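Please read the structure below before turning to the comments.
No value in this document is a laboratory result; all are computed from the given coordinates. In this text, all values refer to a predicted model and were calculated from it rather than measured experimentally. Cβ: placed from backbone, ideal geometry, glycine included. Neighbour counts: every protein chain shown.
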Ligand SMILES: *Cc1c(COP(=O)(O)O)cnc(C)c1O
């Protein structure tokens, strides 16, 4: 199985070659040349993430160095549960909890898969990542104790929660965290520039771990596919997945699962006040504005980096609009969803998951969509300063998160320009 560039002007590459690259040579993103025709009879809703994952990913890694290791990589990477849980409202609304990993957000899935894959490939180097909140922590956690790897993280100062910041800055010398006086888009641009600078890239042996990395995207297909079978087993229906969306990685992974014929009816993109995708679906024009800070900070993105993959998957705008819907959710609506969460659904939502809940409620009023899987992307304990006053209660901290929070923080302040970054890297 080869991967091609969304822009169509780069040579095709194997999955393992893509793991080591970020962008294709023509500046596009790698996508599968075609999607494997899977024998869905080989998949069951009762399979573990590792079993399901090995079966699903094998065709992508055929005839690569990782082919015979995919099973053990999946076993090592997916060391936490990803349950589909009920809500109070009834039979056909479920929550896919992606937040039971080390850093309490879904980014652990991709980061751990990438880390174990690179280690199997005998790689070493500096994993470089821009984070809007959760990616950095997951990448740091996945690579921190791996011999031969260092991690460089850029994050927007004062735009992430204190607990998220702790997860970026408390790993010791192998993880360098840069606190950038700017937005996530600034951080992402600096990382892209660094990766494109071939001398610098060579000097530091940069490895990209942003959500454009195939090594993060492919494993995310697994839980959407598996959840869709679990949903069908319980409800006899195809699932509509409501995905809190920023850089569009998780939602594209859901659409890839649909493309591989798993029973997914539609994907609803829940976005915050950053309206680029919403406006695109309204007007057909992709216009990037400045990113706005919201309560769902890991989604504070105005130029979703996986947009090219979405456009590539759906060359026809009308088909896109049939399979995919977008809602934009204001902070006040996030707060309202969190406030009523326990009473209405029996769940405490994080601000990101709350955008999915608010989107469900909007969909209910416009299309009478009531059956769905709410994709819960982070644990509410990461955002306790937002969540606790709204629910009038404390949120218990998961043990792994508590462990990270005990470490001491070190970060380096940086202006949002590439020259300062280059100097700081040394
Ligand atoms: C990263 C993140 C998102 C957005 O996911 P994308 O793949 O960037 O669209 C949503 N919620 C949480 C908690 C996240 O960490």
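Along the Cα→Cβ direction, 7 angstrom out, place labels at residue 12 and residue 423. What is the inter-label distance in nm?
4.7
Helix-only mean residue ellipticity at 222 nm, the chain, DSSP H runs n ≥ 4 weighted -39,500 (n - 2.57), per residue, nearest 500. What is it?
Rounded to the nearest 500, the figure is -13000 deg cm²/dmol.
Give me the distance in nm between label points sitting 7 Å out from Cα along the Cα-to-Cβ direction at residue 42 and residue 75, one decimal.
It works out to 1.8 nm between the two label points.
Rounded to whole Å and sorted largest first, list the principal axis extents of the Cα atoms in segment 1-118.
50, 28, 27
Mind ordering 158-171, 351-364 by average Cβ neighbours within 10 Å, highest first?
My ranking of the peptides, most packed first, is 351-364, 158-171.
How high is the relative contact order of the chain, given as a whole-number percent (alpha carbon pairs under 8 Å, six or more residues apart)?
With pairs under 8 Å counted, the relative contact order is 18 percent.
What percent does the relative contact order of segment 223-290 come to when contacts are Cα pairs within less than 8 Å and at least six residues apart?
Reported relative contact order: 30 percent.
If you find the alpha carbon centre of segment 402-426 and of segment 183-260, how far apart are they in angstrom?
Centre-to-centre distance over Cα atoms comes out at 24 Å.
Calculate, in nm to one decimal, what residue 343 and residue 396 gain on full extension: separation in residues at 0.36 nm each, minus their alpha carbon distance.
17.3 nm
What's log10 of I(q)/I(0) for segment 104-249 at q = 0.16 Å⁻¹, Debye sum over Cα points only, no solvent?
-0.85
PRE reach from residue 237 (point 7 Å along Cα→Cβ): which of segment 343-383 fall under 11 Å by backbone N?
The answer is 368-373, whose backbone nitrogens lie closer than 11 Å to the label point.
For segment 75-116, I need the span (max minus min coordinate) of the C-alpha atoms along each principal axis, in Å, sorted largest to smallest.
Largest first, segment 75-116 extends 39, 18, 12 Å along its Cα principal axes.
Which order, highest average first, do 177-183, 146-152 follow once you tally other Cβ atoms within 10 Å for each residue and take the mean per peptide?
Answer by packing, highest mean first, reads 177-183, 146-152.
With all pairs of different alpha carbon atoms counted, what Kirkwood hydrodynamic radius in Å does segment 282-426 show?
18.3
How much of the calculated P(r) for segment 166-316 lies past 21 Å, in percent of all Cα pairs?
54
Which of 52, 78, 35, 184 comes first, and how do the rest follow, when ranked by fewest Cβ neighbours within 10 Å?
The order, fewest Cβ neighbours first, is 35, 52, 78, 184.
On a C-alpha basis, how far is the centre of segment 84-100 from the centre of segment 353-390 in Å? Whole number, if you could?
Going from one Cα centre to the other spans 11 Å.
Sort 16-23, 37-44, 242-249 by packing, meaning the average of other beta carbons within 10 Å per residue, with the highest value first.
Peptide ranking by packing, descending: 242-249, 16-23, 37-44.
Just to confirm my numbers, what's the Cα centroid distance between segment 2-41 and segment 106-132 in Å?
Cα centroid to Cα centroid, the span is 18 Å.
Could you check the simple spin-label distance between residue 65 and residue 385, using points 7 Å along Cα→Cβ, in nm with one decimal?
My value for the distance between the label points is 4.4 nm.
To one decimal place, what Kirkwood hydrodynamic radius in Å is obtained for segment 349-401 from all pairs of distinct Cα atoms?
Kirkwood radius, segment 349-401: 12.3 Å.
What's the Cα-based Rg to Rh of segment 231-361, Rh via Kirkwood?
0.97
Given contacts defined as C-alpha pairs under 8 Å and at least six residues apart, what's the relative contact order of segment 141-216, whole-number percent?
27
Could you check how many percent of all C-alpha pairs in the chain are farther apart than 32 Å?
Of all Cα-Cα pairs in the chain, 30 percent lie more than 32 Å apart.
Can you list, largest first and rounded to whole Å, the semi-axes you get for segment 93-172 by taking the square root of 5 times each eigenvalue of its Cα gyration tensor?
Semi-axis lengths for segment 93-172 are 21, 18, 9 Å.
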